[in-house]
1. If each residue of separation counts as 0.36 nm, what is the full-extension length gain between GLN779 and ASP272 once their alpha-carbon separation is subtracted?
2. What FRET efficiency, computed as 1/(1 + (r/R0)^6) with R0 = 51 Å and r the Cβ-Cβ distance, is obtained for LEU156 and LYS205, rounded to the nearest 0.05?
3. Can you list the residues of segment 660-693 with backbone N under 20 Å from a point 7 Å past the Cα of SER453, pointing along Cα to Cβ?
4. Efficiency by 1/(1 + (r/R0)^6): what FRET value for THR431 and TYR34, r their Cβ-Cβ distance, R0 = 22 Å, to the nearest 0.05?
5. Can you tell me the length gained on complete extension of the stretch GLU845 to LEU446, counting 0.36 nm per residue apart and subtracting the Cα distance?
6. What distance in nm lies between label points placed 7 Å from Cα along the C-beta direction at GLN326 and ILE474?
7. Set the Förster radius R0 to 51 Å, insert the Cβ-Cβ distance between ASP382 and SER245 as r into 1/(1 + (r/R0)^6), and round the FRET efficiency to 0.05.
8. Can you compute the modelled spin-label distance between ASN165 and GLU676, with each label point 7 Å from Cα toward Cβ, in nm?
Amino acid sequence: MSFNELDPDGISASTPGAAGAFDVTAILKTALRYYWIPLVTTGMAILAGFAYLKTAEPVYRSSGEIKVERRTDRDPDAEQGEAVSLFENAAAEDLKTIERVFLSPALIDRVIKALDLGARDGFVSKGLPARDVSEGDLRTYLATQSQVSLIPDTRLIQVSFESWNPVIAQEVARALVKEGIDYYRDQRMEAVNTNIRNLREETKKLENNLMGSEEKLNDYMRKLGSVSVDQELNLVALQLRELNSTLSVLKTERLKFESDFVQIAESRDDADKLILIRSVRDLPSVLALSSRANELRGNFAKIQERYGFKHPYKRQAESELNAVEQSLKEEVLKAPQSIETALNVARRNEQSLIEEQAKLEAKVIQIKAQAVEFQVFQRQVDADRLSYETALKRLNKELAQGRIQPVLIQAVGEPGYGYRASLGPIRILATSLVGGLMLGAGIILLLAQSDKSFQSVEDIERTLGLSVLASVPIVLPPEGESFLPRKCPVPVQDDRESSAAEAFRTLTAFLQADEAAGLGQLVLLTSAEGGEGKSFCCLNLAVAQAQSGQRTLLVDASLSRPVMGEWLLGEGENVGLSDYLLGEASFSSIIMASPYSNLDLVTAGASRSHFVEIFSRSRFREFLEEARVLYDQIIFDTAPITTASDTLSFARFFPVICLVVEAGKTSRESVVRATELLTRAGAKPTGVVFSRDRQRDIRRKPLRAVSELDSEVLCASCGRRYSSREECIRSTVPCGGSAFARQCSCGGAIVLPRASRRDSSAQGQLRRDIFGELLDRLQAAGLPRDKARAMLLLTLKVWRNEIGEDPQRDTSQAGMRRRELIETFLTEVGKAGLGREEAQAKLLEAAKSWRNAP
């Protein structure tokens, strides 16, 4: 896979998880770390308890009890057949009030005066004369030594006093009870007398106000000349209603006459039409003649039916009927004049009533205005009377209560001889023990909550959501020795059985698993802050990779604070990475041989400024491309992310990024910030290297991350064995995103043995035959099989990258070492009788077959 096939945009950062605000695991681990704190605090508390026992004087206490009852307001005669007590339980506010009374400074002064404590020697302390105790000190002593408390679920109050002398304690307790009861009664009577006096003054004032209001009302009534404004208003209103009723009748009559008069004007000379008008028809004279004419018409009809047309009775009835009808007609023709006269009369009557109505309405308005003023005076009288009656009731009630005591307090338990109140030696020591333990626990809890750094592997994985690839303990020099100045300890080389060496071998196994997936060739180690052991981890990882047979290149990309050149090559400037990126040096000229086999070094180079601009150049990609061709592993040591921005400018080019976090130092905020910056820069952290882990053993028997003996898989953290690779996969969960990494139930990382990848094809068999022949030649030259196999593997790895190239072209120290290795191999093979050209041809054939191997 070429370098340009890496897609930095396709790399997504994992979302860090937030740790709980109250981490029980962190508290427990802090307790294990600072276990000595509770021991120290407990010891100090016990010593303080012993000192108190030796120096403290015994304290004696005397207590008395007071019962509080409230008089009931119920009438004993209200419930027949039942006896009702005159007292009931006191309310909670009564008990609280009395409790405050017994703690008041005024009561303290009464007790001092009653017992003449200001002149008593040895009262405050044994042998202390009274002249040495000021009045304020005496009050303070009495107030602090006196205790007043409510007895739960009762109406009793306990009054106590503590003193160095049991007799004094009893005497003062008795005085507190007696003077407290008397003081409460005096205060009660004084309060009642003050209330009665104030109520009498208020009642007299309200009585005068009432008399003045009534006098103003009487003066206003005399001014009006009426006893009752409301009565007069009612009378006028009644008259107005009667007048309105009469006016309505007259108005109706007038309207009727006016309507009929219009019809009469249209039919004035037509008697037949006039008689049809109601007003004409209802005239008394017309009405009488109409009745007479109707009567005669009936008689005429009867006579005509009975006697015939020529009978004398018929002619007489007809003559009489005609005379009446003629009179009716004449009377009808006279009706318009009568109707007109009646209309005029109706109009005059209506006008007269309208005028009378206006007068009555004006009188009503006048009376209502007078009623408003009357009501103002009346309301004032009513308000003053109500206030006066209320004050009078309050006065009578206060006078009645003044004769009795609503809250009765009495002593029910005389204070006895003082008993010892101070704690015994056992209780004091037990209290000291518990107090010391609680103080130590509180300090540990405070330390655990205030410590924002990571303390465990689980803490990192829970917070960041990243797997811990390796946990590196603190590295200490061997007993009796010390580390050399300006040198970095390399436990993977100098102390291979240490826990630190095992941690780096575990990390190497992880990276080899990533390499099998095509991702582990470019490795970048960085950190959030400086001084977290990043460069130490880089160097040891590079040495571990080199020891595993990988051609490894260690690059010091921390241009601001480079250390690799000084650690591996000694003091002095060397041509390095910055020189190459600026075009001032070639790739081969910056490759330096390290003191460790199979490991080359690229130093930071000359000191520069503007690091971001240097790494942004296209030559950085060219450097990576050239290094990828020549080396199996390329490890970069970079600057901290939060303190320098140059690492972010090229982090996206690295498929494997390890974030170094120091236990107990690196803050959570800075690490989370670093992961966010990497994500924004298009990079994805692969995992975390936990450095200086204090929870791991500094030195232990080496454990392999994986044991493949009899197909077993061994967890290096807890020692659990899985019978096979398949059982380990079933019993564990994935870890680190790699197909070869699993997480044990204990939280430790396991690197699985790879499944068999043996190539059974003809090409595979040919590669094995060539390898076996060369291996036999080396053994024939006198080399042990393991050493011969290691030399052959290393030579093939070097040679396969140089096929088709002139070996003399590379003039770097690394190139010279590679040529030395090839020459050594050819010399050893030559000892077995194989010619140089033939050996070189077979080596070339083996290298070509390896290069094309799957």
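Since every read-out is calculated from the coordinates, none of them should be taken as a lab result. Predicted model only: the values in this text are computed from it and were never measured. Cβ atoms come from the backbone with ideal geometry, glycine included; neighbour counts cover every protein chain shown.
1. Separation in residues times 0.36 nm, less the Cα-Cα distance, equals 165.7 nm.
2. According to the calculation, E is roughly 0.70.
3. Zone members listed by number: 660-675, 688-693.
4. 0.40
5. Net length gain for the segment: 136.8 nm.
6. For GLN326 paired with ILE474, the spin-label model returns 16.0 nm.
7. 0.90
8. It is 7.2 nm.
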